[in-house]
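Worksheet for the structure shown next.
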Amino acid sequence: LLDTTLGADAQLSKRDVAGISNIAYVTEGFTVNSGATFTIDPGVVIKFPVNYYQGLITGEGAIVAIGTAEEPIIFTSIRDDSRGGDTNIDGNESVPDKGNWRGLQFGESTMQSHLQHCQIRYSGSATGGTYEYGTITSTNNNLLVEDCVFQLVSGYGFGVYGTSTATFRNNKLENVTNSPVVMDVFSDPTFEGNTLENVDNIRILLREQTLSQSATLPFRSFAGYDSITYSMATWSGNGLTVNSGTKITVPAGMVFKSRSSYPIFTVNGELHIAGEIDNPVVFTDERDDDFGNPRDTYQDGPPTAALGRGGVDI
(Lines give C-alpha, C1' and ligand atoms only; values in the text may rest on other atoms or scores of the structure.)
Protein backbone atom coordinates (compact mmCIF):
# COMPACT_ATOMS: atom_id res chain seq x y z
CA LEU A 1 0.00 0.00 0.00
CA LEU A 2 1.51 3.33 -1.09
CA ASP A 3 1.61 6.33 1.24
CA THR A 4 -0.79 9.16 0.42
CA THR A 5 1.76 11.97 0.00
CA LEU A 6 5.23 12.23 -1.55
CA GLY A 7 7.36 15.19 -0.44
CA ALA A 8 10.74 14.17 -1.89
CA ASP A 9 12.03 12.29 -4.94
CA ALA A 10 11.18 8.59 -4.95
CA GLN A 11 11.34 5.64 -7.34
CA LEU A 12 8.87 2.77 -7.55
CA SER A 13 10.29 -0.53 -8.80
CA LYS A 14 8.91 -4.01 -9.41
CA ARG A 15 9.04 -6.25 -6.33
CA ASP A 16 8.64 -9.95 -5.68
CA VAL A 17 6.95 -10.68 -2.33
CA ALA A 18 6.09 -14.04 -0.72
CA GLY A 19 6.49 -15.91 -3.96
CA ILE A 20 4.40 -13.39 -5.94
CA SER A 21 6.34 -12.07 -8.91
CA ASN A 22 5.90 -8.35 -9.64
CA ILE A 23 3.30 -7.83 -6.93
CA ALA A 24 0.81 -5.03 -7.56
CA TYR A 25 0.89 -1.81 -5.57
CA VAL A 26 -2.36 -0.39 -4.18
CA THR A 27 -3.05 3.24 -3.35
CA GLU A 28 -6.10 4.94 -1.88
CA GLY A 29 -5.12 8.26 -3.44
CA PHE A 30 -1.59 9.59 -3.87
CA THR A 31 -0.31 13.17 -4.17
CA VAL A 32 3.13 14.29 -5.39
CA ASN A 33 3.95 17.58 -3.69
CA SER A 34 5.95 20.60 -4.81
CA GLY A 35 9.47 19.90 -6.05
CA ALA A 36 9.21 16.10 -5.86
CA THR A 37 9.52 13.67 -8.76
CA PHE A 38 7.84 10.27 -8.55
CA THR A 39 9.56 7.88 -10.97
CA ILE A 40 7.79 4.62 -11.86
CA ASP A 41 9.81 1.81 -13.43
CA PRO A 42 8.73 -0.27 -16.45
CA GLY A 43 6.35 -3.13 -15.65
CA VAL A 44 5.05 -1.71 -12.37
CA VAL A 45 1.33 -2.33 -11.70
CA ILE A 46 -0.62 0.21 -9.60
CA LYS A 47 -4.21 -0.50 -8.63
CA PHE A 48 -6.91 1.73 -7.17
CA PRO A 49 -9.87 0.79 -4.95
CA VAL A 50 -13.37 1.28 -6.31
CA ASN A 51 -14.00 4.90 -5.35
CA TYR A 52 -14.73 7.79 -7.70
CA TYR A 53 -12.51 10.24 -5.84
CA GLN A 54 -9.29 8.25 -5.73
CA GLY A 55 -6.42 8.52 -8.13
CA LEU A 56 -2.89 9.71 -8.65
CA ILE A 57 -2.41 13.46 -8.29
CA THR A 58 0.44 15.90 -8.78
CA GLY A 59 0.54 19.06 -6.74
CA GLU A 60 3.48 21.10 -7.99
CA GLY A 61 5.60 17.98 -8.42
CA ALA A 62 5.96 15.55 -11.32
CA ILE A 63 5.31 11.93 -12.24
CA VAL A 64 7.71 10.22 -14.65
CA ALA A 65 6.23 6.88 -15.73
CA ILE A 66 8.18 5.63 -18.74
CA GLY A 67 7.49 2.01 -19.56
CA THR A 68 8.42 0.03 -22.64
CA ALA A 69 6.38 -1.72 -25.31
CA GLU A 70 7.32 -5.05 -23.69
CA GLU A 71 6.84 -3.82 -20.09
CA PRO A 72 4.16 -1.15 -19.96
CA ILE A 73 3.29 0.54 -16.66
CA ILE A 74 -0.23 -0.35 -15.58
CA PHE A 75 -2.79 1.85 -13.79
CA THR A 76 -6.01 -0.07 -13.18
CA SER A 77 -8.83 -1.09 -10.87
CA ILE A 78 -8.18 -3.36 -7.88
CA ARG A 79 -10.81 -5.64 -9.44
CA ASP A 80 -8.76 -6.14 -12.62
CA ASP A 81 -7.27 -9.62 -12.20
CA SER A 82 -5.84 -9.58 -15.74
CA ARG A 83 -3.09 -7.19 -14.67
CA GLY A 84 -1.06 -8.03 -11.57
CA GLY A 85 -3.23 -10.97 -10.50
CA ASP A 86 -6.10 -11.26 -8.01
CA THR A 87 -4.98 -8.44 -5.73
CA ASN A 88 -8.16 -8.36 -3.61
CA ILE A 89 -8.10 -12.17 -3.30
CA ASP A 90 -11.76 -12.73 -4.10
CA GLY A 91 -11.55 -15.00 -7.11
CA ASN A 92 -14.32 -14.12 -9.56
CA GLU A 93 -16.60 -12.44 -7.00
CA SER A 94 -15.78 -8.93 -8.23
CA VAL A 95 -15.23 -7.81 -11.79
CA PRO A 96 -13.80 -4.48 -13.00
CA ASP A 97 -15.95 -1.90 -14.73
CA LYS A 98 -15.56 1.48 -16.38
CA GLY A 99 -15.24 4.29 -13.87
CA ASN A 100 -13.98 2.13 -10.99
CA TRP A 101 -11.43 4.79 -10.08
CA ARG A 102 -10.92 8.48 -10.69
CA GLY A 103 -7.91 8.77 -12.99
CA LEU A 104 -4.60 10.64 -13.14
CA GLN A 105 -4.69 14.35 -12.34
CA PHE A 106 -1.79 16.65 -13.15
CA GLY A 107 -2.07 20.03 -11.46
CA GLU A 108 -0.26 23.33 -11.81
CA SER A 109 3.49 22.79 -12.02
CA THR A 110 6.60 24.10 -13.75
CA MET A 111 7.96 20.53 -13.69
CA GLN A 112 7.09 18.29 -16.62
CA SER A 113 5.32 15.01 -15.95
CA HIS A 114 5.86 12.35 -18.59
CA LEU A 115 3.90 9.17 -19.28
CA GLN A 116 5.01 6.75 -21.99
CA HIS A 117 4.01 3.16 -22.71
CA CYS A 118 1.40 3.10 -19.95
CA GLN A 119 -1.97 1.36 -19.82
CA ILE A 120 -4.78 3.17 -18.01
CA ARG A 121 -7.80 0.90 -17.51
CA TYR A 122 -11.31 1.06 -15.97
CA SER A 123 -11.06 4.71 -14.94
CA GLY A 124 -12.58 8.04 -15.96
CA SER A 125 -15.35 8.85 -13.52
CA ALA A 126 -17.17 12.05 -14.44
CA THR A 127 -19.16 12.60 -11.27
CA GLY A 128 -18.96 15.17 -8.53
CA GLY A 129 -19.82 18.61 -9.94
CA THR A 130 -17.59 21.03 -11.82
CA TYR A 131 -14.09 19.81 -10.92
CA GLU A 132 -11.78 18.62 -13.65
CA TYR A 133 -12.99 15.74 -15.79
CA GLY A 134 -11.06 13.13 -17.74
CA THR A 135 -9.21 9.88 -17.24
CA ILE A 136 -6.07 11.99 -17.41
CA THR A 137 -6.26 15.73 -16.72
CA SER A 138 -3.76 18.51 -17.28
CA THR A 139 -4.26 21.88 -15.55
CA ASN A 140 -1.73 24.70 -16.00
CA ASN A 141 1.23 22.49 -16.93
CA ASN A 142 3.16 21.01 -19.86
CA LEU A 143 2.34 17.32 -19.38
CA LEU A 144 3.60 14.86 -22.02
CA VAL A 145 1.63 11.67 -22.67
CA GLU A 146 2.74 9.42 -25.51
CA ASP A 147 2.39 5.83 -26.73
CA CYS A 148 -0.16 5.05 -24.00
CA VAL A 149 -3.35 2.99 -24.16
CA PHE A 150 -6.56 4.11 -22.45
CA GLN A 151 -9.05 1.26 -22.20
CA LEU A 152 -12.59 0.90 -20.86
CA VAL A 153 -13.06 4.54 -19.89
CA SER A 154 -16.17 5.99 -18.30
CA GLY A 155 -16.77 9.60 -19.26
CA TYR A 156 -13.88 11.29 -21.00
CA GLY A 157 -10.35 10.48 -22.13
CA PHE A 158 -8.27 13.65 -21.82
CA GLY A 159 -9.15 16.76 -19.80
CA VAL A 160 -7.19 19.94 -20.58
CA TYR A 161 -7.69 23.09 -18.51
CA GLY A 162 -6.40 26.59 -17.80
CA THR A 163 -3.05 27.42 -19.39
CA SER A 164 -2.18 23.79 -20.12
CA THR A 165 0.16 23.18 -23.05
CA ALA A 166 0.01 19.39 -22.68
CA THR A 167 1.07 17.14 -25.53
CA PHE A 168 -0.86 13.93 -26.25
CA ARG A 169 0.98 11.93 -28.91
CA ASN A 170 0.37 8.49 -30.45
CA ASN A 171 -2.07 7.31 -27.78
CA LYS A 172 -4.92 4.84 -28.24
CA LEU A 173 -8.36 5.44 -26.72
CA GLU A 174 -10.44 2.27 -26.71
CA ASN A 175 -13.99 1.73 -25.42
CA VAL A 176 -14.80 5.22 -24.14
CA THR A 177 -18.40 5.90 -23.07
CA ASN A 178 -18.43 9.62 -23.82
CA SER A 179 -15.92 11.93 -25.53
CA PRO A 180 -12.18 11.62 -26.15
CA VAL A 181 -11.48 15.20 -24.98
CA VAL A 182 -13.05 17.75 -22.63
CA MET A 183 -11.27 21.08 -22.29
CA ASP A 184 -11.25 24.82 -21.70
CA VAL A 185 -11.71 26.61 -24.99
CA PHE A 186 -8.41 28.57 -24.84
CA SER A 187 -6.15 25.89 -23.37
CA ASP A 188 -3.36 25.10 -25.82
CA PRO A 189 -2.74 21.35 -26.05
CA THR A 190 -1.03 19.51 -28.88
CA PHE A 191 -2.75 16.40 -30.26
CA GLU A 192 -0.68 14.23 -32.61
CA GLY A 193 -1.22 10.72 -33.96
CA ASN A 194 -3.89 9.64 -31.45
CA THR A 195 -6.37 6.94 -32.50
CA LEU A 196 -9.92 6.04 -31.46
CA GLU A 197 -11.69 2.70 -31.26
CA ASN A 198 -15.26 2.24 -30.05
CA VAL A 199 -15.64 5.79 -28.71
CA ASP A 200 -19.28 6.74 -28.25
CA ASN A 201 -19.15 10.47 -29.04
CA ILE A 202 -16.47 11.80 -31.38
CA ARG A 203 -16.17 15.49 -30.61
CA ILE A 204 -14.32 17.92 -28.37
CA LEU A 205 -16.43 18.86 -25.39
CA LEU A 206 -15.95 22.40 -24.10
CA ARG A 207 -16.21 22.98 -20.37
CA GLU A 208 -18.39 25.80 -19.09
CA GLN A 209 -16.40 28.92 -18.32
CA THR A 210 -16.39 32.71 -18.37
CA LEU A 211 -14.37 34.36 -21.16
CA SER A 212 -12.74 37.65 -20.17
CA GLN A 213 -10.12 38.08 -22.91
CA SER A 214 -11.04 39.05 -26.46
CA ALA A 215 -10.03 36.32 -28.92
CA THR A 216 -11.08 34.14 -31.86
CA LEU A 217 -12.11 30.58 -31.07
CA PRO A 218 -9.52 28.13 -32.49
CA PHE A 219 -10.23 25.17 -34.75
CA ARG A 220 -8.76 21.90 -33.51
CA SER A 221 -7.97 18.51 -34.99
CA PHE A 222 -8.00 15.18 -33.19
CA ALA A 223 -7.47 11.55 -34.29
CA GLY A 224 -7.65 12.41 -37.99
CA TYR A 225 -10.70 14.68 -37.71
CA ASP A 226 -9.73 18.15 -38.92
CA SER A 227 -11.82 21.00 -37.50
CA ILE A 228 -13.47 18.46 -35.24
CA THR A 229 -16.95 19.32 -33.97
CA TYR A 230 -17.29 21.20 -30.71
CA SER A 231 -19.99 20.33 -28.23
CA MET A 232 -20.93 22.34 -25.15
CA ALA A 233 -20.98 20.89 -21.66
CA THR A 234 -23.57 23.07 -19.93
CA TRP A 235 -23.59 21.49 -16.48
CA SER A 236 -24.77 24.60 -14.62
CA GLY A 237 -26.59 26.35 -17.43
CA ASN A 238 -24.47 29.21 -18.80
CA GLY A 239 -22.21 27.59 -21.39
CA LEU A 240 -19.50 29.99 -22.53
CA THR A 241 -20.16 33.33 -20.85
CA VAL A 242 -18.73 36.36 -22.69
CA ASN A 243 -17.90 38.99 -20.08
CA SER A 244 -18.77 42.65 -20.41
CA GLY A 245 -16.04 44.43 -22.43
CA THR A 246 -14.93 41.16 -24.09
CA LYS A 247 -15.28 40.33 -27.81
CA ILE A 248 -15.32 36.69 -28.87
CA THR A 249 -15.21 35.80 -32.56
CA VAL A 250 -16.53 32.50 -33.94
CA PRO A 251 -14.82 31.93 -37.32
CA ALA A 252 -16.51 30.78 -40.51
CA GLY A 253 -17.02 27.02 -40.78
CA MET A 254 -17.05 26.24 -37.06
CA VAL A 255 -19.69 23.74 -35.91
CA PHE A 256 -21.19 23.62 -32.43
CA LYS A 257 -23.54 20.87 -31.32
CA SER A 258 -25.54 20.56 -28.14
CA ARG A 259 -28.18 18.34 -26.64
CA SER A 260 -28.85 20.61 -23.68
CA SER A 261 -31.69 23.09 -23.25
CA TYR A 262 -29.10 25.56 -21.89
CA PRO A 263 -27.39 28.13 -24.15
CA ILE A 264 -24.03 27.52 -25.78
CA PHE A 265 -23.16 31.20 -25.30
CA THR A 266 -24.33 33.67 -22.69
CA VAL A 267 -23.32 37.11 -23.97
CA ASN A 268 -22.75 40.06 -21.69
CA GLY A 269 -20.06 41.51 -23.96
CA GLU A 270 -19.78 41.06 -27.75
CA LEU A 271 -20.08 37.87 -29.81
CA HIS A 272 -19.09 38.09 -33.48
CA ILE A 273 -20.31 35.09 -35.49
CA ALA A 274 -18.27 35.45 -38.68
CA GLY A 275 -20.00 32.99 -40.99
CA GLU A 276 -19.93 33.27 -44.77
CA ILE A 277 -22.52 32.41 -47.41
CA ASP A 278 -20.63 29.32 -48.52
CA ASN A 279 -19.04 28.61 -45.15
CA PRO A 280 -21.53 29.26 -42.35
CA VAL A 281 -21.12 28.88 -38.61
CA VAL A 282 -23.47 26.09 -37.54
CA PHE A 283 -25.27 25.63 -34.22
CA THR A 284 -27.26 22.41 -34.13
CA ASP A 285 -28.36 19.36 -32.18
CA GLU A 286 -25.85 16.61 -31.44
CA ARG A 287 -28.09 14.14 -33.29
CA ASP A 288 -27.90 16.16 -36.51
CA ASP A 289 -25.72 14.18 -38.94
CA ASP A 290 -25.77 16.87 -41.67
CA PHE A 291 -22.97 18.97 -40.16
CA GLY A 292 -19.68 18.63 -38.34
CA ASN A 293 -16.64 16.40 -38.52
CA PRO A 294 -17.46 13.62 -38.09
CA ARG A 295 -21.04 14.30 -39.07
CA ASP A 296 -22.30 11.34 -37.07
CA THR A 297 -21.12 12.61 -33.68
CA TYR A 298 -22.80 9.75 -31.80
CA GLN A 299 -21.50 7.05 -34.18
CA ASP A 300 -24.99 5.53 -34.20
CA GLY A 301 -25.78 5.31 -37.90
CA PRO A 302 -28.92 6.92 -39.35
CA PRO A 303 -29.83 10.16 -37.55
CA THR A 304 -32.46 10.19 -34.86
CA ALA A 305 -34.98 13.01 -34.67
CA ALA A 306 -33.17 16.26 -33.87
CA LEU A 307 -34.92 18.45 -31.32
CA GLY A 308 -34.39 22.17 -30.87
CA ARG A 309 -31.72 22.85 -28.27
CA GLY A 310 -29.70 25.65 -26.68
CA GLY A 311 -28.47 28.59 -28.74
CA VAL A 312 -27.20 32.02 -27.75
CA ASP A 313 -28.43 34.20 -24.88
CA ILE A 314 -27.71 37.87 -25.43
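Under the combined filter of DSSP loop state and at most 16 neighbouring Cβ atoms within 10 Å, the range 205-242 retains these chymotrypsin sites (Phe, Trp or Tyr not before Pro): F219, W235. If you take all other residues with their beta carbon under 10 Å from the beta carbon of E71, and give Lys and Arg +1 and Asp and Glu -1, the sum is -1. A simple charge model with +1 on the Cβ of Lys and Arg, -1 on the Cβ of Asp and Glu and nothing else charged puts the dipole of the range 99-189 at about 240 debye relative to its Cα centre. Computed over neighbours whose Cβ is under 10 Å from that of E174, the net charge equals +1, Lys and Arg +1, Asp and Glu -1.
Ligands, DNA and RNA aside, S21 has an accessible area near 90 Å² when probed at 1.4 Å.
For A274 and I66, the FRET efficiency from 1/(1 + (r/R0)^6), where r spans their Cβ atoms and R0 equals 41 Å, is about 0.40.
When the range 15-93 is described by a simple charge dipole with +1 on each Lys and Arg Cβ and -1 on each Asp and Glu Cβ, the residue from T76, G35, I63 located farthest towards its positive end is G35. The charge dipole of the chain, taken about the Cα centre with unit charges on the Cβ atoms of Lys, Arg (+1) and Asp, Glu (-1), comes to about 320 debye, rounded to the nearest 20. Can you send over the carbon and sulfur percentage of the accessible area for the chain, probe radius 1.4 Å, protein chains only? Of the solvent-accessible surface of the chain, carbon and sulfur hold 45 percent.
Other residues lying with their Cβ under 15 Å from the Cβ of E197 contribute a combined charge of +1, Lys and Arg counting +1, Asp and Glu -1. Placing unit charges on the Cβ atoms of the charged side chains and taking the dipole of the range 1-141 about its Cα centre, the candidate lying farthest along the positive direction among I46, A8, I136 is I136. Here the spin labels are modelled as points 7 Å beyond Cα on the Cα-Cβ line, and at T165 and K14 they lie 3.6 nm apart. Think of the range 151-275 as having a plus end and a minus end, set by charges on the Cβ of Lys, Arg, Asp and Glu; of N175, F191, I264, I264 sits farthest toward the positive end of this dipole.
The Stokes-Einstein estimate for the chain, based on a Kirkwood radius over Cα pairs and taken at 4 °C with 1.567 mPa s viscosity, is a diffusion coefficient of 64 µm²/s. Protein heavy-atom accessible surface, 1.4 Å probe, per residue over the chain: 42 Å².
For the modelled label position 7 Å from the Cα of L2 along Cα-to-Cβ, which residues of the range 147-165 have backbone nitrogen atoms closer than 12 Å? Backbone N within reach: none found.
Model label points for R295 and T39, set 7 angstrom from Cα along the Cα-to-Cβ axis, are 5.3 nm apart. Label-to-label distance, N22 versus S214, with points set 7 angstrom from Cα along the beta-carbon direction: 5.7 nm.
The values are calculated or read from the model by the stated rules, or taken from the named source; none is laboratory data. Since the structure is predicted, the reported quantities are computational estimates derived from the model, not experimental observations. Positions of Cβ are generated from backbone atoms using ideal geometry, with glycine treated the same way; all protein chains shown enter the neighbour counts. Note: accessible area is taken over every heavy atom of the protein model, side chains too, but ligands, DNA and RNA are not part of it. Shrake-Rupley method; radii C 1.70, N 1.55, O 1.52, S 1.80 Å.
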